[in-house]
Structure formats: C-alpha cells, structure tokens
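The structure appears right after this line, and notes come after that.
The values are calculated or read from the model by the stated rules, or taken from the named source; none is laboratory data. Here the structure is a predicted model, which is why all the values come from computation and not from measurement. Neighbour counts run over all protein chains shown; Cβ positions are idealised from the backbone, glycine included.
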Amino acid sequence: MNKVVSGADEAIRDIKDGMTLMLGGFGMCGLPEKCILALVKKGVKDLTCISNNAGVDDFGIGLLLHQRQVKKMIASYVGENAIFESQLLSGELEVELIPQGTLATRCMAAGYGMPAIFTPAGIGTEVAIGKEVRNFNGKDYLMEMAFDADFAIVKAWKGDRMGNLVYRSTARNFNPVMAMAGKITIAEVEELVEPGELDPDHIHTPGIYVHRIFQGENYEKRIEQRTVRKKE
Amino acid sequence: MLDKTGIAKRIAKEIKDGYYVNLGIGIPTLVANYIPDTMDVVLQSENGLLGMGPFPYEGEEDPDVINAGKQTITMLPGSAVFDSAMSFGMIRSKKVNLTILGAMEVSENGDIANWKIPGKMVKGMGGAMDLVASAENIIVAMQHVNKAGESKLLPQCTLPLTGIHCVKKIVTELAVLDVLPEGGFKLLERAPGISVEEIKAATAGKLIIDGEVPEMVI
C-alpha cells in the first residue's frame, strides 16, 4: 500500500471546476497550506469549500477568494477576512454559515456512513429555516445532513505511506473528521515516515481513509493572534 | 460602573471548584485571569483542547497551540487534545459545566443574539449556537447599553438569534441579573456606585426588583 504522491500539484491534479472540497484547519492552525497554494496555481473555479473559516486576506482560503475561485463557502466563522465579508455583502459569493459543532458533526456523519444527525444547535434561529425538526425527550433537534464532498484536504503532523496520520496539538481540529469524510482524501504532512515508525496505538486517522499523501516543505504556519506574556 | 476587568472578576465568582468551563471571545477570556489558584478548574477551548493555560512567554509561541479565539496559548499539565467533533460532543452531552460568552442583545425570556447584524456585519456563529443550545449554565458578559446608549436587555431581540430560552445570568457594567424561567430580568446586584434607578433606565426589558438590591462585592 503506497499512497505517496510527489507533491501538492499531483495530489490535486484531478480537482475540477465546480467540485466540493473540504479543507481542514481552524483559522491558520492545521491548514493544508500547500494544497491551497496548488489550487490557486491551478486556477480551478466555482468551487464549493467547506472549512471552519475562510482564511485571512492573504493566506489560506483567502487566497482562493481573492482569485474568485470560490462559488460557495460553507463555514462557521468568517470574521477575519475583509474580502470575504465584502464578497458576501455584495452577493458575489454564496455563503452558508452553520454552527461549528454542526459543521464538525456533518463531517463525522459522512465518515461514519450515517446520512444525517440531529442537533439542538440552531433551533429557533434562521439556521433552522427549511429543516426538519424532531422532538426527542421533550427537546427539539434539527436534522442536518452528512456532507458529500468530492475531496477532503487535510494537514497532519506525521504520516506514513499507508496513509496513517498523526496530528499535533490543536492543529488537529477538523482534520480527522474531514479526512474521514471525503470521497478522495488528500493528506499533506510535515514529516513522511516509514510504516512502523508510527505507533499503531497513537494513530489518529487510519490510512484506510487517506488516498494520497505527501510531505510539504517549509510550512509557514502563520500565527493569527500572537498573544504572549512577559517573564516576571 | 464596572470596566471589562470588573465584569470578568465578578463572573469569576460564579465558577466553582471542579468545573469544566468554556470561555468565549472578548470579556469572557479575561475571566481566566481571576479564577483563584486554589480552585481546580479546567478550561475547554472548542477548537479541541481541555486544560488551556495562560499565554506563552515571548518567544515560546507555538502556531499549533491556539485557543478558539486563534490566540497563542499554552497547555497545562494534564491537558487533552481532541478533534472538533468530539469537542462539540462534550458540549452537546453537557460535560462542560459552565459557558461564558458575549452578546449583542439578550431578551427577557433568555434569547441571545450575537452573530450577525443584517447588511452590516457577518462574522458567523462559530461555536456559539452549539454552546447555547446545549449548555445548562450560561452566563452572558456584556455591556448593558450599546454605543448609542440603547439598552441591550430587551423585551425581544431585534437581531438574528443565536439561541432561544438559554441565558441564565447576565453580568454587565451596571448589574448582575438572573433571567427567570417565566421571563424577566431579576436584578440581583448593583455595580459599585450605580443606583437601581440607573439600571431601570438602562433596561428595556421587564426588570424585576425584589426588595433591597445589594451592591456587588468584587
């Protein structure tokens, strides 16, 4: 089992206009930055992107927005991106804002082979418009459908050529659930290792979910809010 | 009148030993600074961390270690990292004991609005809708009036809602109030130097005053 590809360009080679992509990461943290750069270079357009955030103006999905490659964005929080806000308010960009837990759980459902989930998030709000409401034990829940994505693109810390992945700290975030949810899953990793080097007990995403893997070079890993304290 | 620090200090008094607490962005984040060292409290950050510690020392920032506000933070001994689905799993299944978040408006029946101003501002709800829909204990940290001097404690919210019938307690620069299950803001405490009349004037929703209202101790 060898899922290694030469790099981001090869990994995304068959992503076409109009496809639906999941992109892991929380803000700039755990973001598949190499594949995003390759998508910008390739110039595919009319993409539907499912990701928690929309990047900042000059990094992450913000780069795809800047090139007007995104038709629809499905996200939970987009407050960091001025291009996004202006494209949204002008109606140029189609946007579905959904609760963060709903976003994660719709990924999870896809990865677990379940068509839908029930969540109380959004009951009584505009998120509930047009959705089925079911009452369980006296409480209302919204039915939310599993995502159906052509590709999931995730970033891990380490991976082996069989596609097994390990994430680091809070760069884990949406990556494991998205890795499970794509029809084709691409993993970019900081360090590609040989099978056996990762402890089977410590693997976060089993290789069965991953179709292509490559090691990215020189990760920028941008920090969005650098907050520090002084040594006393 | 309380400043942001004062609001955070007063809210910190609501935290009990043994609590798992989720702190929202803004004033709620400051609450962490006023939890007594003697208390065993674990902070949950919904991007996937239990055991959030203080900001790192200069030069020790790690881009892989952030909180839900995307700030660089540290992890305390005993921390655990998990994915976003599990993070909201523990929120939905009520393992998190207390949620503290900000609001643009709260209504007298406990509805909250904090994610969108139509035509003006769209940031998104992030994890707020999940938190307010599931948490049993929600405290809102907010300003009592907006910049135009209009009350943010209303009979009904005017902005798009984040959740309904969910807010239990509000701490503002003027007062501490409970939101009663049957509706209405019950005035519990006044901020230092603030009169009941001033709070009445700043509250558009139904304000319930029962006897003498003590000044808060911070």
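Has segment B:146-160 got any residue that is within 13 Å of chain A (Cβ to nearest Cβ), over 25 Å from B:Leu50 (Cβ atoms), in contact with a Ser or Thr (Cβ under 6 Å, 6 or more places away or on another chain) and buried (at least 24 other Cβ atoms within 10 Å of the Cβ)? Looking through segment B:146-160, none of the residues is within 13 Å of chain A (Cβ to nearest Cβ), over 25 Å from B:Leu50 (Cβ atoms), in contact with a Ser or Thr (Cβ under 6 Å, 6 or more places away or on another chain) and buried (at least 24 other Cβ atoms within 10 Å of the Cβ).
The strands (runs of 3 or more DSSP E) found entirely in segment A:120-232 that carry 1 or more residues being among the small types (Gly, Ala, Ser) and modelled with pLDDT of 95 or more are A:149-160, A:182-193.
For (1) part of a loop (DSSP other than H, G, I, E, B); (2) over 14 Å from the mean Cα position of the chain (by Cα); (3) not aromatic (Phe, Trp, Tyr), each residue gets a yes or a no:
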{"residue": "A:Leu31", "(1), (2), (3)": "yes, no, yes"}
{"residue": "A:Ile36", "(1), (2), (3)": "no, no, yes"}
{"residue": "A:Val44", "(1), (2), (3)": "yes, yes, yes"}
{"residue": "A:Cys49", "(1), (2), (3)": "no, no, yes"}
{"residue": "A:Asn53", "(1), (2), (3)": "yes, no, yes"}
{"residue": "A:Tyr77", "(1), (2), (3)": "yes, no, no"}
{"residue": "A:Ile83", "(1), (2), (3)": "no, yes, yes"}
{"residue": "A:Leu88", "(1), (2), (3)": "no, yes, yes"}
{"residue": "A:Val95", "(1), (2), (3)": "no, yes, yes"}
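Taking the criterion of being within 14 Å of another protein chain (Cβ to nearest Cβ), crowded, with 22+ Cβ neighbours inside 10 Å and in contact (Cβ under 8 Å) with a residue 60 or more places away in the chain, the residues of segment B:24-66 that qualify are B:Gly24, B:Glu46. When segment B:199-212 is examined, which residues are found to be of a type in the set (Val, Ile, Thr) and assigned to a loop (DSSP other than H, G, I, E, B)? Once the filter is applied, which keeps residues that are of a type in the set (Val, Ile, Thr) and assigned to a loop (DSSP other than H, G, I, E, B), segment B:199-212 yields B:Thr203, B:Ile209. Taking the listed residues A:Gly207, A:Gly196, the one that is over 17 Å from the mean Cα position of the chain (by Cα) and on the phi > 0 side of the Ramachandran plot is A:Gly196, with no other qualifying. Looking only at segment B:105-124, filter to residues that are assigned to a loop (DSSP other than H, G, I, E, B) and modelled with pLDDT of 95 or more; which one of those is farthest from the other protein chains (Cβ to nearest Cβ)? Checked segment B:105-124; the qualifying residue farthest from the other protein chains (Cβ to nearest Cβ) is B:Glu108.
Scanning segment A:67-108 for residues that are of a type in the set (Gly, Ala, Ser) and more than 9 Å from chain B (Cβ to nearest Cβ) yields A:Ala82, A:Ser86, A:Ser90, A:Gly91. For segment B:71-104, how many residues are outside any helix (DSSP H, G or I) and more than 19 Å from the chain's Cα centre (by Cα)? Count: 13. Checked against the criterion of being within 13 Å of chain B (Cβ to nearest Cβ), within 16 Å of the chain's Cα centre (by Cα), among the aliphatic types (A, V, I, L, M) and surrounded by 15 or more Cβ atoms within 10 Å (Cβ to Cβ), the candidates A:Ala156, A:Ala149 yield just one match: A:Ala156.
At least 1 residues that are touching a residue at least 12 places away in the same chain (Cβ under 8 Å) and of a type in the set (Asp, Glu) in each: list the strands (runs of 3 or more DSSP E) lying fully within segment B:137-198 that qualify.
Counting at least 1 such residues, we get B:185-190.
Of all the listed residues (B:Val176, B:Val140, B:Val167, B:Val217), the sole one being surrounded by fewer than 20 Cβ atoms within 10 Å (Cβ to Cβ) and of a type in the set (A, V, I, L, M, F, W, C) is B:Val217.
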